[in-house]
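Here is the structure we will look at.
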Amino acid sequence: MTTYIYGIAAATHPALPEGMGGIGEPARKIRVVRQGNLAAIVSDSPEDLRPKRRDLLAHQSVLDEAGASGAVLPMRFGSLADDDEAVVAVLAELADHYEERLRALDGRAEYNVKAAHDEQAVLHQVLAENPELRAMVENNRRAGGGNYEQKLQLGEQVTNAVRAREVSDGIEVRRALEPCAEAVSEGPEGSGWLANVSFLVRRETADGFVAAVEELRKSQPHLELRVHGPLPPYSFVDEGPAQQADAANSTTGVR
Amino acid sequence: MTVVPAQQSGGAGGTSGLYDVIELILDRGLVIDAFVRVSLVGIEILKIDVRVVVASVDTYLRFAEACNRLDLEAGPHKNPGLPDLVGEVTESGARGKSKGALSGAAETISDAFSQARDEGRSKEKEEARPRARRSTSSRSRKEEQE
């Protein structure tokens, strides 16, 4: 029977979600596989496991539940072991590393922030800041909207200005929220947002982080911000991709 | 005990929330070499939810039109943002607008997944692992309605 792994916690974790429903239809029951100071949150896996909405939600929900009462290292979706013994072997082999990561992430959660432009508002802003573009718009209007060439020309310049705004606003989002976080991780490349950034936030300072987001909403009303958190620290389980917020701040805070 | 995932409390509870964090679940998180991973064939579709501006003739013409319609007097002299009420109305409206504008936005998770399934179907032969088989479509449809 294949074993599906949701995450790794300390054996002392006070409330692992044993018996909760996990992936599969019907939902496979959550079990806990223990080895030394570690515990893996697992269930059986259905034979035909695919990244379907229901299963992604189940993966996330189990980790949410476990993460609410103690540190958990979330696995990427879809990790399978031949059996529970294979899970035990991995826990034993890499115990020091996982214990260190659990200590480092204890009491912390990931907040993911995505930003896009409110189109009307950003066009207003771009035209307000750029008298030449504004003059082009007014010329075109007098010409009943302008001919095809004029429209293309205006459109291209406006597009360039908006894209430049995307870059600078992406930097601004990160800069504004970084001071409230312990570490920062850029989301996957080419995600289609002008900013897609995850922040590692201490749970006791989470209110401060949320307040900083609200502040950003108010000061940059042309930004549409989507915030998700607290989440299991998906982006911070490995030290690799994440950058320490402190290190980033000590340079210019901008990269 | 039965847990309905969509009712879980926490940041990414609902379906729209899941859509926003799906790349974290699929692309981040701990990977252990000793374990195999389920095939993600077809999931590339997620990257097509493009919200940034793509330089193209379509975009140029659309922006030219949008500038033409813009109330220039309202913009520069006022707060660049929209008044609260308008802001709320356009929040849903803007999505529709930008959808037409920005290339091929896959708006909902079910969209993404029905496309992913189609891709999965066409790429089925490429799927290497035996347990990476796609679900039957009747079952997937049912899940979309959940």
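Any read-out appearing in this document is the output of simple, stated calculations on the displayed coordinates, not a laboratory observation. Keep in mind it's a predicted model, so treat the numbers as computed, not measured. Cβ coordinates were reconstructed from backbone atoms using ideal geometry, including for glycine residues, and neighbour counts include every protein chain displayed.
Values computed for the structure shown
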{"quantity": "Angle between chain A longest axis and helix A:95-105 axis [Cα atoms, degrees, rounded to 10]", "calculated": "40 degrees"}
{"quantity": "Linear extension gain, A:Asn160 paired with A:His97, 0.36 nm per residue minus alpha-carbon span", "calculated": "18.0 nm"}
{"quantity": "Full-stretch length increase - A:Thr2, A:Ala206 - with 0.36 nm per residue and alpha-carbon distance subtracted", "calculated": "69.7 nm"}
{"quantity": "Once exposed loop GluC sites (Glu not before Pro) are cut out (DSSP; at most 13 other Cβ, 10 Å), longest piece of chain A", "calculated": "A:48-188"}
{"quantity": "Residue order, fewest to most surrounding Cβ atoms within 10 angstrom, among B:Leu26, A:Leu73", "calculated": "B:Leu26, A:Leu73"}
{"quantity": "Tilt relative to chain A, helix A:131-142 - C-alpha long axis, 0 to 90 degrees, to 10", "calculated": "60 degrees"}
{"quantity": "Amide H partners (placed H, <5 Å) of A:Glu182, local residues excluded", "calculated": "A:Leu200, A:Val201, A:Arg202"}
{"quantity": "Space enclosed by the convex hull of the alpha-carbon atoms of chain A, per residue, Å³", "calculated": "157 Å³"}
{"quantity": "Förster-model FRET efficiency, 56 Å R0, A:Gln150 and B:Asp33, C-beta, rounded to 0.05", "calculated": "0.45"}
{"quantity": "Within 10 Å of each Cβ in A:191-201, the average number of Cβ atoms from other chains", "calculated": "3"}
{"quantity": "Partner chain coverage, peptide A:42-52 - average Cβ within 10 angstrom", "calculated": "6"}
